[in-house]
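Quick notes on the structure that follows.
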Amino acid sequence: HRKVTKICCIGAGYVGGPTCAVIALKNTHIIVTIVDVNPTRIAAWNSDSLPIYEPGLDAVVKECRGRNLFFSTDVDKGILEADLIFVSVNTPTKTQGVGAGYAADLGYVEAATRRVAEVATGDKIVVEKSTVPCRTAQSMRVILEANSRPGIHFDILSNPEFLAEGTAISDLMCPDRVLIGSLDTPAGRSAAASLADVYAGWVPRNQIITMNLWSSELSKLAANAMLAQRISSINALSAICEATGADIDEVSYACGLDSRIGPKFLKASVGFGGSCFQKDILNLVYLSESLHLPEVAAYWKQVVEFNEHQKKRFLHRIITCLFNTLTAKKITLLGFAFKADTGDTRESPAITLAKYLRAERAHITIYDPQVTEDQIWLDLSEPGVVDDIESLKKQVTICNNKYEACEGADAVVVCTEWKEFKMQKDPADTRGMDWTRVYEKMKKPAFVFDGRLILDVHRMEEIGFQLESIGRPGKGFRRSKDWE
Ligand code: NAI
């Protein structure tokens, strides 16, 4: 099989950037060029402040950039020179037309594929890195063959990415597995072997799995659906805990000790977010419906519906505890990213919560250590509503100091599990939070709503807070059930 010497990655996003940076780091003999149609993003990749925040990413890029890693807006040149091309463009949920709200918008994948077909003057291996519905490789093949110069051969591989934002670099360095799907033909197997060699630069061979194209495509959707389902399952149980006096952390610990279940990804929370879980499940729902499998569709759809319910449940708890009105009350949101260690806010539960709180006419103050102010305004404004931004700015304050953000608040809501919101170990621990200092400057009773289960009930109550955590009954409950 062919040895890959030049790689082009189309799409310099959360996936293309880190993935290909690590490929370049571990394969100094391969020239890796990451291209994107967005010049601002490429400029940022070429600067000292990278367009995405990921622990460890800066160091990797610093080491390879200019050596065998390049970022460019010249998509055609990247395609022309490469023998292997990753297609790592966005595949958002369609917002209109057939399948709106469910189906993946494959417009970007198709545009990138057409570009490859038009530009290529030699044989190429084209790799689906984007998460796509099952059998997309078939469409890509038709497009490539119908639009390319005669005599050029394309091999299409599926190589879904399993990295998680916030731990992208360590996930890429030590992946649980690398999945490569190909057609079961001599050419397909040979292309898969070429790609496997790239990963073998650092991943043990027995963790590089090859399989049929359609299994590989479906495995990515399946993995995300099952991960999200674990979250919705534990969140559904958290509702029972709040109503009965059970504690979701204890339930999750007890269940996780069963080796068939396992302890990971069983943390209850205000809900999952991120660009992938919801999109990929809805994609699976749409796929099931198009295959005339309505029961299958309904099963997976419930995972997303429960996630919405969990956010609403949390809001209701805030309203109930704050004496049934939030009007003009100061509510501080700690964290706006969809999870810790990322600046990404796509589908962040904090967005939904902030919108709900706005509808309750609360005054909202937001602090996040990584999300930019512009991003927060963008996430909270309704597209197309001109005067919205003004009323938004009357109701929402963005603060770059976590203690100032909490001053005078009626309630503090932990939306993201950033380490800096955990209680400091001792007064010298500057990485944690001095909750006593927060308490002193808050309105009383001082409510904290822990949407990520990072705060200890007893220590918070010792300070004087009324702590209301997901999956645990609040103080109100305990008072009324004094037989506990
Ligand atoms: P992203 O939106 O951060 O990046 C995609 C990039 O592709 C954008 O910068 C866009 O300008 C560029 N692009 C779009 N069309 C293009 C074209 N025709 N030519 C050149 N550039 C083009 O998206 P992200 O998060 O990197 O996701 C990419 C894919 O990877 C999606 O399918 C996603 O589902 C999948 N994925 C995402 C993960 C994540 O954690 N974000 C994890 C695993 C998979």
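Computed from the coordinates by the stated procedures, all read-outs in this text should not be read as laboratory data. From a predicted model like this one, the values you see are computed outputs, not experimental measurements. All Cβ positions, glycine included, derive from the backbone under ideal geometry; neighbour counts span all protein chains shown.
For the chain, the pair-distance distribution built from all alpha carbon pairs, in bins 10 Å wide starting at 0, is 4, 18, 27, 24, 16, 8, 2, 0, 0 percent. By the Cβ-Cβ criterion of under 4.7 Å, the unpaired cysteines of the chain are Cys8, Cys64, Cys134, Cys174, Cys241, Cys255, Cys276, Cys321, Cys399, Cys406, Cys415. A convex hull fitted to the Cα coordinates of region 243-480 yields 152 cubic angstrom per residue. Tell me whether region 6-203 comes out rounded, prolate or oblate; compute the Cα gyration tensor, take square roots of the eigenvalues as a ≥ b ≥ c, and use a/c under 1.5 as the rounded threshold. Here region 6-203 falls in the rounded category. Helix 294-321 and the longest principal axis of the Cα set of the chain meet at an angle near 30°. Amide hydrogen proximity for Ile208: with H placed 1.01 Å from N in the peptide plane, the residues at 5 or more positions away or on another chain lying under 5 Å are Val178. Note: region 2-105, Cα convex hull, 126 Å³ per residue.
Annotated for region 6-203: lysine pairs at least 8 residues apart or interchain, Cα distance under 18 Å, count 6.
Once backbone amide H atoms are built at 1.01 Å from N, Glu468 has Val448, Phe449, Asp450 as its partners under 5 Å, excluding neighbours fewer than 5 places away on the same chain. Averaged over residues, the count of other Cβ atoms within 10 Å places the peptides 378-385, 120-127, 466-473, 440-447 in the sequence 466-473, 120-127, 440-447, 378-385, highest first.
Coupling constants for region 132-145 follow from the phi torsions by the Karplus curve (6.51 cos²θ - 1.76 cosθ + 1.60, θ = phi - 60°), and in residue order they are 10, x, 4, 5, 5, 4, 4, 5, 4, 4, 4, 4, 5, 5 Hz; glycine and proline get x. Taking amide H as placed 1.01 Å from N in the peptide plane, the amide H of Phe70 sits under 5 Å from that of Val32, Thr33, Ile34, each at least 5 places away or on another chain.
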